[in-house]
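The structure's right below; bear with me while I get my questions together.
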Amino acid sequence: MKRIALILAKLFAVCAALGLCIVLYLFSVGYFDPQPTIGYLHSPKELPYVDLDALEDRFAENGVRFLLGDESADYEPAARELIDQGAQVLIVSEDEDILDPALLRLARRHNVPLVVAGRSPQLQEMEDYDKLWYVGSNPALGGELLGEEMAMGFRSGAIADANGDLLLQYSLYLSDIGPYHQALSYYALQECEHYGVYSNLLEYLDENDDPLPFTAEALAGQQKPELLLCTTAGDARFLYDLAGQLGWLEGDAPVRIAAVAENSKLAQALVDDGIAMAATYYDIDQITQVAGQLALNALDSQFAGQGLELQPDETGRFFIPFGLVTTLETE
């Protein structure tokens with residue numbers, strides 16, 4: 001009987017030791033660690049700077065939980081809630097050129113990396129926090145790409161020089177007059193001039209020198225521009241409908257439209273539907289891919305650019321080129 005008890009005791013000890021070894025191994029490989037989690041903060045305007053569905057799929061493939069912040073809350077309380085839920089990295093969609101200082105303080109306090117998409121943070125902000133990364137597009141580059149197409153279109157005759165003055169007579173329509181959209185249009189015109197095509201802005205004013213509204217009634221009888229320039233796909237379609245009402249699409253010198261679109265599908269549709277002669281676009285697919293990789297790398301405490309073909313600038317910003325859809329190659 002004693003012998004059986006001894007054998008059972010030894011067997012129990014062996015099983016306990018084996019179980020302890022298994023538990024220690026599982027601890028060593030992080031089996032009992034919380035599930036890796038990445039959070040997302042919406043911008044106040046809720047603009048589509050990244051594809052959330054694509055991010056969720058990418059993170060799920062890597063065993064990472066993806067949490068969305070409270071859309072109605074400011075950045076700091078929404079971020080605090082995500083961190084309380086286990087978020088170790090935050091992707092932030094930003095409408096403004098300055099990050100919420102409270103969000104930065106919270107990220108520093110909890111040592112949480114931030115991957116910002118949309119508008120780029122200030123240089124000082126990038127330098128002050130070594131776990132702050134940016135991925136997006138420089139509006140200057142998007143404007144320059146469109147400006148080159150405008151210049152080539154004018155020089156080739158695709159944009160008619162209706163009055164023969166060798167100046168591109170254009171009208172600018174911006175439903176959003178924020179700095180991002182102003183930069184797109186400014187650099188488009190600057191690049192156009194770089195290629196030797198100078199322009200003249202047609203300003204439609206009333207008797208008090210106040211701008212006329214962009215309606216068919218208000219602009220009836222005004223000089224027809226040779227080009228309409230805008231920076232959203234919605235504005236391009238609005239201008240096309242307006243030009244049709246005014247008769248600006250008829251005759252041997254129809255007005256042309258150059259636009260910036262929010263993504264490749266909208267840009268392609270503008271050209272395919274005959275709305276725009278050329279459209280540059282914010283490459284949301286590429287930006288989403290890079291933002292996702294940056295977040296995954298930060299989650300593993302790796303260099304953020306690990307596994308990416310492109311390199312950041314000296315401040316940690318990854319700039320993605322704009323894309324272009326144009327009709328000029330076939331005209």
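The values are calculated or read from the model by the stated rules, or taken from the named source; none is laboratory data. None of these values were measured; they are calculated from a predicted model. Note: ideal-geometry Cβ built from the backbone for every residue, glycine included; neighbour counts use all protein chains shown.
When the residues of the range 263-290 are filtered to those that are in contact with an Asp or Glu (Cβ under 6 Å, 6 or more places away or on another chain) and not aliphatic (A, V, I, L, M), which remaining residue is surrounded by the most Cβ atoms within 10 Å (Cβ to Cβ)?
TYR282
Please go through the range 121-135 and give me each residue that is of a type outside the set (Val, Ile, Thr), touching a residue at least 60 places away in the same chain (Cβ under 8 Å) and crowded, with 23+ Cβ neighbours inside 10 Å, ordered by number.
LEU132, TRP133, TYR134
Something else now. Can you go through LEU246, LEU202, LEU239, LEU184 and tell me which one is more than 30 Å from LEU55 (Cα to Cα), assigned by TED's automatic domain parsing to the domain that holds ASN163 and touching a Pro at 6+ places or on another chain (Cβ under 6 Å)?
Among LEU246, LEU202, LEU239, LEU184, only LEU202 is more than 30 Å from LEU55 (Cα to Cα), assigned by TED's automatic domain parsing to the domain that holds ASN163 and touching a Pro at 6+ places or on another chain (Cβ under 6 Å).
It is to be established whether one or more residues within the range 242-265 are under 28 Å from SER156 (Cβ atoms), in a helix (DSSP H, G or I) and within 18 Å of the chain's Cα centre (by Cα).
yes
State whether the residues of the range 84-97 include one that is charged (D, E, K, R), over 30 Å from TYR187 (Cα atoms) and part of a helix (DSSP H, G or I).
yes
Scanning for something in a loop (DSSP other than H, G, I, E, B) and small (Gly, Ala, Ser), does the range 53-62 turn up at least one residue?
no
To keep it simple, each residue is scored yes or no on (1) modelled with pLDDT under 90; (2) within 22 Å of TYR180 (Cβ to Cβ).
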{"site": "VAL29", "(1), (2)": "yes, no"}
{"site": "PRO36", "(1), (2)": "no, no"}
{"site": "ASP51", "(1), (2)": "no, yes"}
{"site": "LEU67", "(1), (2)": "no, no"}
{"site": "ARG80", "(1), (2)": "no, no"}
{"site": "GLN85", "(1), (2)": "no, no"}
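Here's a follow-up. Only one residue in ASP57, ASP74 is at pLDDT 95 or above and assigned by TED's automatic domain parsing to the domain that holds THR288, so which one is that?
Exactly one residue qualifies, and that residue is ASP57.
Which of the residues belonging to the range 188-226 are surrounded by 16 or more Cβ atoms within 10 Å (Cβ to Cβ) and part of a helix (DSSP H, G or I)?
Answer for the range 188-226, where residues must be surrounded by 16 or more Cβ atoms within 10 Å (Cβ to Cβ) and part of a helix (DSSP H, G or I): ALA188, LEU189, GLU191, CYS192, LEU219.
Between a first residue in the range 300-322 that is farther than 16 Å from ASP128 by Cβ and a second residue that is of a type in the set (D, E, K, R) and surrounded by 17 or more Cβ atoms within 10 Å (Cβ to Cβ), which pairs have beta carbons less than 8 Å apart while being 6 or more apart in sequence or on different chains?
Hits for this filter: ILE320/ASP283; PRO321/ASP283; PHE322/ASP283.
Here's another thing I want to ask about it. Going by what's in this entry, would GLY234 be described as within 23 Å of the chain's Cα centre (by Cα), in a helix (DSSP H, G or I) and in contact (Cβ under 8 Å) with a residue 12 or more places away in the chain?
Considered against the rule, which asks whether it is within 23 Å of the chain's Cα centre (by Cα), in a helix (DSSP H, G or I) and in contact (Cβ under 8 Å) with a residue 12 or more places away in the chain, GLY234 comes out as yes.
Please determine, by comparing only the residues of the range 90-106 that are surrounded by fewer than 24 Cβ atoms within 10 Å (Cβ to Cβ) and of a type in the set (A, V, I, L, M), which one is farthest from PRO139 (Cα to Cα).
LEU106
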